[in-house]
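The values are calculated or read from the model by the stated rules, or taken from the named source; none is laboratory data. No experiment lies behind these values; they were computed from the predicted model shown. Cβ placement follows ideal geometry from the backbone for every residue including glycine, while neighbour counts extend to all protein chains displayed. Please note that ligands, DNA and RNA were not included when accessible areas were found on the heavy atoms of the full protein model with its side chains. Shrake-Rupley method; radii C 1.70, N 1.55, O 1.52, S 1.80 Å.
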Amino acid sequence: MDERGPDADVVARWRWVYDYPDDPPGGFVFGEMVLYADGTLLRRYGDGGLPWAPVLWWPGERDPGRAAALLASRGYGLHPA
């Protein structure tokens, strides 16, 4: 993940899917997200083979419930990992 290690200060983990219904012929992407106590959100695509990267548009929300609501409002389907 990064220098903190995979479990340091993790407050939430999700598997996610994002659907592109308006992109003919449609499609989706999926992956995993990890929210840290300091508000950092990391994301990776696929089943774990791709590297973790910070979500650059993320506003730094630290509360897992509010973070999940924000992600859902942006079109992400979340499932606990």
- Message: Given a 1.4 angstrom probe, I'd like the percentage of the accessible area of the chain that is carbon and sulfur, rounded to a whole number.
- Response: 54
- Note on the structure: Distance in nm between residue 18 and residue 70 label points, each 7 Å along Cα→Cβ, equals 1.5
- Compute the distance in nm between two label points, each set 7 Å from the Cα along the Cα-to-Cβ direction, one at residue 79 and one at residue 45. 2.0
- Note on the structure: Magnitude of the Cβ-charge dipole (Lys and Arg +1, Asp and Glu -1) of the chain about the Cα centre, nearest 20 debye, reported as 100
- Task: Before anything else, pin down the relative contact order of the chain: Cα pairs under 8 Å, at least 6 apart, normalised by residue count, whole percent.
- Result: 31
- Which of the peptides 33-42, 66-75, 47-56, 10-19 is most tightly packed, and how do the rest follow, judged by the mean count of other Cβ atoms within 10 Å per residue? 33-42, 10-19, 66-75, 47-56
- Please calculate how many Å² of accessible area the chain carries per residue, with a 1.4 Å probe and no DNA, RNA or ligand atoms counted. 62
- Message: Compute the angle between helix 64-73 and the longest alpha-carbon principal axis of the chain, please, reported from 0 to 90 degrees and rounded to the nearest 10.
- Response: 20
